[in-house]
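Asker: Before anything else, here's the structure in question.
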Amino acid sequence: MHPDHSKEIEEAKQAALEVLLHNSHGPFHGLPRTAGWGYPEPYTRDLMFSILGIAVSGNQKLLDSIRKVLETLAKNQTEHGHIPSLVHDKDDRGASDTTPLFLMGVGIFRKVTGETEFLKEAVEKSLLWMEFQSPSDRFLAAQQPTSDWRDEQWVTGYGLFVNTLVYSYLRLLGLDSRAESVYHEMKRFTITQGTTHHHVPAGLVVKHKPYFAFWAYKIYSSERFDLLGNSLAILSGLASPSRADEMVSWIEEECAEMRERGELSVDLPPNFFPYIKPEDADWLPRYKIYNNPGDYHNGGIWPFICGFYVAALVAAKRYTLAREKLIVLTQLIKESATGTVSFGFNEWIKAQDGKPMGQDWQTWSAALYLYAAKCVEEKKTPFFDAIRLGQDEQNMVK
């Protein structure tokens, strides 16, 4: 790595740590803030994602803050095991990703602290809740539209992102038998003939393409590309090494073409593509307000997801490309909406012009930068390496 870039990355890491420490105590019961100024509330999904960066930081104050988050979530868990969307508000319910993120977060926290029984009762309740999220009783979790982190975009039925979380937490918690069942269900092809049969359940593998479907349910599916879900598929080993390598090449080729067409100005992938356009069948009228092509969930560039992509590149052993993308991400996180900070760690960036559009000092943007930098430095993916190794060992037994 060029020495100038190394210095720049070190400065960005220090800035990320500053953001996380600033955000570690907010106005709601002393729980962490989701962003430095715009989001004082402790949003569950943002803080659960931040565990990855906090875990590799080794900062005790941050570890203590995330312990408080996990313990508060356990106290506010519903009778049946569901985790609320706001850490402090037990009545803010209905998200499809908060419970699996909680389980993944506890799994990581246990690895960091060595407390193997941490929140045992709450974990058992949440595991049972997740088992009942499968309408076919075949291991994959289903969801309602706008119930995961994409609260302005429809994901129907078996979403890739949520099920990569399910697989990951099962591996982290040592529930390998059920994880294997999820693995085999996801490896089935999506149904494309327009007819479903009771003995041919749908999966999330797309024929003739190297990535997993955005979502699938019965005879319906979306083959648009979900960067977060597919990055997690690579990290967790749901994508085989050969599929991961092919997927990375496909992503880079598609992004190069988007840049040629003027649909992308940054050398990092959008969170979702091809963009949904007004003339497309899956366009919804509300998208005109929040989700125009290249905006927000419809192709915006999210630094926290780019952090996952950099980590996925390391998992795929594309080390040179991972370093290159980390350098680009380092430049991107300097951009701010306010123009008053050296490192903005903004929420999301407009794809066509690289303009920051969300809130500055976003907790998950800072945390996933730290995680991505650690992955590139060590050529390892903390916590996910063990998951992939476990998958490889299972395959060797077979």
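Asker: Could you list, in sequence order, all residues of the range 147-186 that are of a type in the set (A, V, I, L, M, F, W, C) and not in a loop (DSSP other than H, G, I, E, B)?
Answerer: Those that are of a type in the set (A, V, I, L, M, F, W, C) and not in a loop (DSSP other than H, G, I, E, B): Leu160, Phe161, Val162, Leu165, Val166, Leu170, Leu172, Ala179, Val182, Met186.
Asker: Let me ask another. List the pairs whose first member sits in the range 8-30 and is under 18 Å from Leu63 (Cβ atoms), whose second member is among the aromatic types (Phe, Trp, Tyr) and surrounded by 21 or more Cβ atoms within 10 Å (Cβ to Cβ), and whose Cβ atoms are under 6 Å apart, counting only residues at least 6 apart or on separate chains?
Answerer: Ala16/Tyr369; Val19/Phe345; Val19/Trp361
Asker: Just give me the residues in the range 111-147 being more than 20 Å from the chain's Cα centre (by Cα) and in contact (Cβ under 8 Å) with a residue 60 or more places away in the chain, in sequence order.
Answerer: Scanning the range 111-147 gives Ser136, Arg138.
Asker: Can you tell me how many residues in the range 153-192 are modelled with pLDDT of 95 or more and of a type in the set (D, E, K, R)?
Answerer: 4
Asker: Anything in the range 210-222 that is in a loop (DSSP other than H, G, I, E, B) and at pLDDT 95 or above? List them, or say none.
Answerer: Answer for the range 210-222, where residues must be in a loop (DSSP other than H, G, I, E, B) and at pLDDT 95 or above: Pro210, Tyr211, Ala213, Phe214.
Asker: Taking the criterion of being surrounded by fewer than 24 Cβ atoms within 10 Å (Cβ to Cβ) and closer than 21 Å to Glu252 by Cβ, would at least one residue in the range 229-238 satisfy it?
Answerer: Within the range 229-238, none of the residues are surrounded by fewer than 24 Cβ atoms within 10 Å (Cβ to Cβ) and closer than 21 Å to Glu252 by Cβ.
Asker: Looking only at the range 256-301, which residues are at pLDDT 95 or above, within 21 Å of the chain's Cα centre (by Cα) and over 14 Å from Asp353 (Cα atoms)?
Answerer: Asn271, Phe272, Phe273, Pro274, Tyr275, Ile276, Asn291, His297, Asn298
Asker: Here's another thing I want to ask about it. Taking the condition of being touching a Ser or Thr at 6+ places or on another chain (Cβ under 7 Å), more than 19 Å from Gly344 (Cα to Cα) and either of a type outside the set (D, E, K, R) or at pLDDT below 95 (or both), how many residues in the range 30-65 meet it?
Answerer: Selection size over the range 30-65: 6.
Asker: Given (1) in contact with an Asp or Glu (Cβ under 9 Å, 6 or more places away or on another chain); (2) farther than 27 Å from Val314 by Cα; (3) not small (Gly, Ala, Ser), where does Ile219 come up short, assuming only one miss?
Answerer: So the condition that Ile219 fails would be (1).
Asker: Determine, yes or no, whether Ser221 is farther than 25 Å from Leu165 by Cβ, surrounded by fewer than 24 Cβ atoms within 10 Å (Cβ to Cβ), free of Cβ contacts under 8 Å to residues at least 40 places away in the same chain and under 23 Å from the mean Cα position of the chain (by Cα).
Answerer: No; evaluated as a whole, the condition is false for this residue.
Asker: When only residues in the range 336-365 that are polar (S, T, N, Q) and part of a loop (DSSP other than H, G, I, E, B) count, which is farthest from Pro269 (Cα to Cα)?
Answerer: Among those that are polar (S, T, N, Q) and part of a loop (DSSP other than H, G, I, E, B), it is Thr340.
Asker: Do you know which of the residues in the range 39-48 that are of a type outside the set (D, E, K, R) and crowded, with 17+ Cβ neighbours inside 10 Å is farthest from Leu103 (Cα to Cα)?
Answerer: Tyr39
Asker: From Thr99, Thr34, Thr72, grab the single residue that is touching a strand residue (DSSP E or B) at 6+ places or on another chain (Cβ under 9 Å) and surrounded by 20 or more Cβ atoms within 10 Å (Cβ to Cβ).
Answerer: After applying the criteria, what remains is Thr34.
Asker: If I ask for residues that are in a loop (DSSP other than H, G, I, E, B) and buried (at least 21 other Cβ atoms within 10 Å of the Cβ), which ones from the range 130-146 would you list?
Answerer: If the condition is that a residue be in a loop (DSSP other than H, G, I, E, B) and buried (at least 21 other Cβ atoms within 10 Å of the Cβ), then Phe139, Leu140, Ala141 are the ones that fit.
The values are calculated or read from the model by the stated rules, or taken from the named source; none is laboratory data. Fair warning: this is a prediction, and the values are worked out from it, not measured in the lab. Please note: Cβ atoms are built from the backbone with ideal geometry, for glycine as well, and neighbour counts cover all protein chains shown.
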